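The structure appears right after this line, and notes come after that.
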Amino acid sequence: MVMWSISIAISVGLLAVTAGGRGDSLQMAYVNMAVAAMINIVFIALALRSSQKLQAAGASRVMLAADAARSMSYIYIWGTLGLAVIYGTGILDWKEWWQFLIAFMAVGGICLWMGSMMQNRAERGVDDQDLLTYGNRATVLQLVGMLTVMVGLWFDGKMTRFFVERHTDWAANNIFFFGAAALVVISAHALWVRRSAQS
């Protein structure tokens, strides 16, 4: 949790600074994209390392699912904070930002709630198959949804909108795209781990 917190805090600060610097230099938009990409690589590494440690310790399927849900929630929290700092404080002006912030908060909250429920079950030694089935379906849905987001952003030209200064959603698109990429990897890994544990 400490590494997640530090990574989120530093990256959100860097995203805010580079978003604000876009008006003076186009290079800052590239740096913003690089920060979003690199921090999500860090998020993936943190999530997979945590999962591997639990697997090595012989953790139950429910415990592994709880860990994955928490990792996913941290990425939504990162996205929420990024939008709040960049658009909520007026660094960039984009009227739809708050709608995505609410969506991130809601989904992140659901992930935290699911992770907490699974953690409680695991600590009591309960292998809740119904909860695992629901979690698997939600993970598959997220995987497909995030792949769709990435494809949509790419083919709609959203990832190059920073070239035109009046398009102020470019920083949000970096958060959306690279956050989605991290969620795809973590979701796919979580599904693979659960399948392996079951077999």
Tally Lys and Arg at +1 and Asp and Glu at -1 over the other residues with C-beta under 15 Å from the C-beta of Val164: what net charge comes out?
0
Unit charges on C-beta of K, R, D, E only; dipole of the chain, Debye
380 debye
With only alpha-carbon atoms in the gyration tensor, what are the semi-axes of the equivalent ellipsoid for the stretch 38-126, in Å, largest first?
31, 15, 6
With Rg and the Kirkwood Rh both taken from Cα atoms, where does Rg over Rh land for the stretch 2-198?
1.01
Tell me which of Tyr76, Ala65, Leu141 sits at the most positive position along the dipole axis of the chain, charges placed on C-beta atoms (Lys, Arg +1; Asp, Glu -1).
Ala65
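Quick note: the coordinates plus some simple rules give every number you see, no bench work behind them. Just so it is clear, the model here is predicted, and its values are computed rather than measured. FYI the Cβ positions are ideal-geometry reconstructions off the backbone, even for glycines, and counts take in every protein chain you see.
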